[in-house]
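The structure under discussion appears below in the form of structure tokens.
The values are calculated or read from the model by the stated rules, or taken from the named source; none is laboratory data. Keep in mind the model is a prediction, meaning the values are calculated, not measured. We place every Cβ from the backbone using ideal geometry, glycine too, and count neighbours over all the protein chains shown.
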Amino acid sequence: MIEAFFMAISPSYLFYMTIGVLLGLVVGTLPGLTATMGTALLVPFTFGLPTGEGIAMLGGLYVCAMFSDAIPACLVNTPGTPAAMATAFDGHPMVKQGRGQEAIVAACFGSALGTIFGALCYLLLAWPMIAIALKFGPPQFFWLGIFALSIIGSLAGDSILKGLAGAAIGIMISCIGISHAAEVNRYTLNIPELRGGVSLVAALIGVFAVPQVLNMILNLKKEEFVAEYKSEPGVILKTMKKVIVTPIHNLRSAVIGAFIGILPGAGSPIAAIVSYNEALRWSKDKSQYGKGDIRGVTASEIANNAAAPAAMIPLVTLGVPGSAPAAVIAGALMLRGLNPGPELFATDGSLVYSFGWSLLIAGIVVFFVGMFATPLLTRIIKIPLRVLAPLIMFLAIIGAYAIRNNIFDVYLMLLIGVFVFLVRRIGFHPGPIGLGFILGPIIEPNLVQALYISHAVGVQKVFFSGSVNLILIALSILSVSAVAISKFRSRNKTN
């Protein structure tokens, strides 16, 4: 452990890790350029580096992209990656209220706290936490997805029914393609390009970016960009104090993020959503959530950044990546002849632990780099709508196309965007639609696998027995009940 620490603070490690952080800042800021794509594009450029430095560079890009995706989420309500979807719920309203600097500082500081916590879990709690993760099979992942869906009530605005309908729309879009159960085409309309499903990035850009651009176009004659970013002295320290004075909230978000991150396949988007939901559920004052509450920003950012290093734990101990970027890093190791898993942990522990230290140091570097670079990036907020709208649309088209180099993804993005724009006009919130689309690929295949298992042992034993299943079911019921009771009370107060 000590030897690995000195490896991580060597000049070469720090240099390449910082280069990765700077690249991650750009990748996360541009909507559609995900951390997965960024790490995948960077892998060939690391082949000329020693293994430790190359992996540290990939890790730096990964953790910084998890922060910088909050910048477009807050400024223009366009999450840079799916993990920042929950950040936009309160981050963008803060910017529209003239609190842009506070939103970005909270996201940056929360990201640093989450990354450091996740890296500490990687260094200290790998083996004990793996014992918990091993208890998760298809039924548990199914209930985890259902639990994540319970946030819909808090995202639905004034109508839970519209929230559920929006989530159903998102899940149906995610079902386009080949069925997991019968290997038949579903909702493809005999269009060959739809057999592979709808691109996650193209769909999310369509849900969040395109409607925003269309709203900007409608407001061209009314005013310039409605949100303002004002950099004022003392805001950084004041915002950091606001974050620090909620230690229980911060710790809960970090624990949720690290725990979900360690579960193979769960990833940062679910961590952010579940953390946001729990922050809302445990808050004594829920009225400001979704309207510009700093706790909504930190709940999302602490969790999704804690999940990033934690996603490496199953990779280095079981050989199973906990996220898509972790899978790319696993591929980078395998290309060097190193097999992630217990063998790597036992034979080259210094490499494993030096990577953990690099992730921790990257969390610190991200904070300072973010504070320095964000004022330059936030100048986008001052761009007139007539310039900003086509710029965002251009980046959205590039992002949707670049994932699979398929122009059909651009058409789908535009179609979904126009549809969401229209349903927003009748009171639907885009959050449940995006959430349903993210959770669909997690819920459906695990439900199918669990049903196959139930043929042998019975549905009740598979779905409704075991401590993990029962805990997730109870949390889902409590979450839905809490939202319903809260909305019922708020209606009584207004009457």
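When residue 301 is tested against (1) over 19 Å from residue 468 (Cα atoms); (2) in a helix (DSSP H, G or I); (3) at pLDDT below 85, exactly one condition is not met: (3).
Of the residues 493, 461, which single one is of a type outside the set (Gly, Ala, Ser) and modelled with pLDDT under 80?
Working: 461 fails: modelled with pLDDT under 80.
Only one candidate qualifies: 493.
Rundown of residues vs (1) in contact (Cβ under 8 Å) with a residue 12 or more places away in the chain; (2) in a helix (DSSP H, G or I); (3) under 23 Å from residue 317 (Cα atoms), yes/no style:
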{"site": "330", "(1), (2), (3)": "yes, yes, yes"}
{"site": "368", "(1), (2), (3)": "no, yes, no"}
{"site": "416", "(1), (2), (3)": "yes, yes, no"}
{"site": "440", "(1), (2), (3)": "yes, yes, no"}
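Residue count for the stretch 55-97, restricted to those that are outside any helix (DSSP H, G or I), within 18 Å of residue 388 (Cα to Cα) and over 13 Å from the mean Cα position of the chain (by Cα): 1. Looking at 270, 256, just one residue is assigned to a helix (DSSP H, G or I) and either within 12 Å of the chain's Cα centre (by Cα) or hydroxyl-bearing (Ser, Thr, Tyr) (or both), and that residue is 270.
Do we find that residue 49 is more than 19 Å from the chain's Cα centre (by Cα) and touching a residue at least 60 places away in the same chain (Cβ under 8 Å) in this structure?
When the stated conditions are applied, residue 49 does not pass them.
The single condition among (1) surrounded by fewer than 21 Cβ atoms within 10 Å (Cβ to Cβ); (2) in a helix (DSSP H, G or I) that residue 308 does not satisfy is (1). For the stretch 279-298, what are the residues that are of a type outside the set (Gly, Ala, Ser), in contact with a Ser or Thr (Cβ under 8 Å, 6 or more places away or on another chain) and either without any contact (Cβ under 8 Å) to a residue 40 or more places away in the chain or part of a helix (DSSP H, G or I) (or both)? Hits for the stretch 279-298 are 280, 281, 294, 295, 297, 298. Taking the stretch 385-408 as the range and being within 21 Å of the chain's Cα centre (by Cα), of a type outside the set (Val, Ile, Thr) and closer than 23 Å to residue 169 by Cβ as the test, the residues that pass are 396, 399, 400, 404. Of all residue pairs spaced 6 or more apart or on separate chains, none has beta-carbon atoms under 6 Å together with a first member in the stretch 244-270 that is within 21 Å of residue 137 (Cα to Cα) and of a type in the set (Phe, Trp, Tyr) and a second member that is part of a loop (DSSP other than H, G, I, E, B) and at pLDDT below 80. Only residues that are of a type in the set (S, T, N, Q) and either in contact with a strand residue (DSSP E or B) (Cβ under 7 Å, 6 or more places away or on another chain) or at pLDDT below 80 (or both) were counted across the stretch 51-91, and they come to 3. If you scan the stretch 444-463, which residues turn out to be surrounded by fewer than 21 Cβ atoms within 10 Å (Cβ to Cβ) and within 28 Å of the chain's Cα centre (by Cα)? Selection gives 444, 445, 447, 448, 449, 450, 463. Contact map, the stretch 384-407: first residue closer than 17 Å to residue 208 by Cα, second residue acidic (Asp, Glu) and buried (at least 19 other Cβ atoms within 10 Å of the Cβ), Cβ cut-off under 6 Å, separation 6 or more or different chains; pairs are 400/409.
Would you pick out the residues in the stretch 389-433 that are within 16 Å of residue 201 (Cβ to Cβ) and among the β-branched types (Val, Ile, Thr)? Spell out how you get there, then give the answer.
Quick first cut of the stretch 389-433, residues within 16 Å of residue 201 (Cβ to Cβ) only: 392-417, 420, 430, 433.
Once the filter is applied, which keeps residues that are within 16 Å of residue 201 (Cβ to Cβ) and among the β-branched types (Val, Ile, Thr), the stretch 389-433 yields 392, 397, 398, 403, 407, 410, 416, 420, 433.
Name the one entry in 207, 213, 105, 184 that is aliphatic (A, V, I, L, M), more than 27 Å from residue 361 (Cα to Cα), surrounded by 24 or more Cβ atoms within 10 Å (Cβ to Cβ) and at pLDDT 80 or above. Result of the check over 207, 213, 105, 184: 207.
Inspection of the stretch 43-51 finds no residue satisfying the criterion of being crowded, with 18+ Cβ neighbours inside 10 Å and of a type outside the set (Ser, Thr, Tyr).
Among the residues of the stretch 407-431 satisfying the criterion of being on the phi < 0 side of the Ramachandran plot and in contact with a Lys or Arg (Cβ under 9 Å, 6 or more places away or on another chain), which is surrounded by the fewest Cβ atoms within 10 Å (Cβ to Cβ)? Step through it out loud before you land on a result.
Taking the stretch 407-431 as the starting set, the residues that turn out to be on the phi < 0 side of the Ramachandran plot are 407-426, 428-431.
Filter once more, keeping what is in contact with a Lys or Arg (Cβ under 9 Å, 6 or more places away or on another chain): 423, 426, 428-430.
On the way: 423: 18, 426: 7, 428: 21, 429: 22, 430: 24.
Taking the candidates together, the pick is 426.
For beta carbons closer than 7 Å, sequence separation of 6+ or different chains, a first residue in the stretch 69-89 that is surrounded by fewer than 24 Cβ atoms within 10 Å (Cβ to Cβ) and a second that is assigned to a loop (DSSP other than H, G, I, E, B), there are no qualifying pairs.
Could you tell me whether the stretch 321-329 includes any residue that is surrounded by fewer than 18 Cβ atoms within 10 Å (Cβ to Cβ), in contact with a helix residue (DSSP H, G or I) (Cβ under 7 Å, 6 or more places away or on another chain), at pLDDT below 90 and over 18 Å from residue 105 (Cα atoms)? For the stretch 321-329, residues surrounded by fewer than 18 Cβ atoms within 10 Å (Cβ to Cβ), in contact with a helix residue (DSSP H, G or I) (Cβ under 7 Å, 6 or more places away or on another chain), at pLDDT below 90 and over 18 Å from residue 105 (Cα atoms): absent. Of all residues in the stretch 285-292, none are among the basic types (Lys, Arg) and either over 18 Å from residue 91 (Cα atoms) or buried (at least 20 other Cβ atoms within 10 Å of the Cβ) (or both).
Taking the options 402, 373, name whichever one is out of contact with any Lys or Arg (no Cβ under 6 Å at 6 or more places or on another chain) and within 25 Å of residue 95 (Cβ to Cβ). Break it down stepwise before answering.
Working: 402 fails: within 25 Å of residue 95 (Cβ to Cβ).
The unique qualifying residue is 373.
The set of residues from the stretch 390-414 being of a type in the set (A, V, I, L, M), closer than 26 Å to residue 67 by Cβ and modelled with pLDDT of 70 or more comprises 391, 392, 393, 395, 396, 397, 398, 400, 402, 413.
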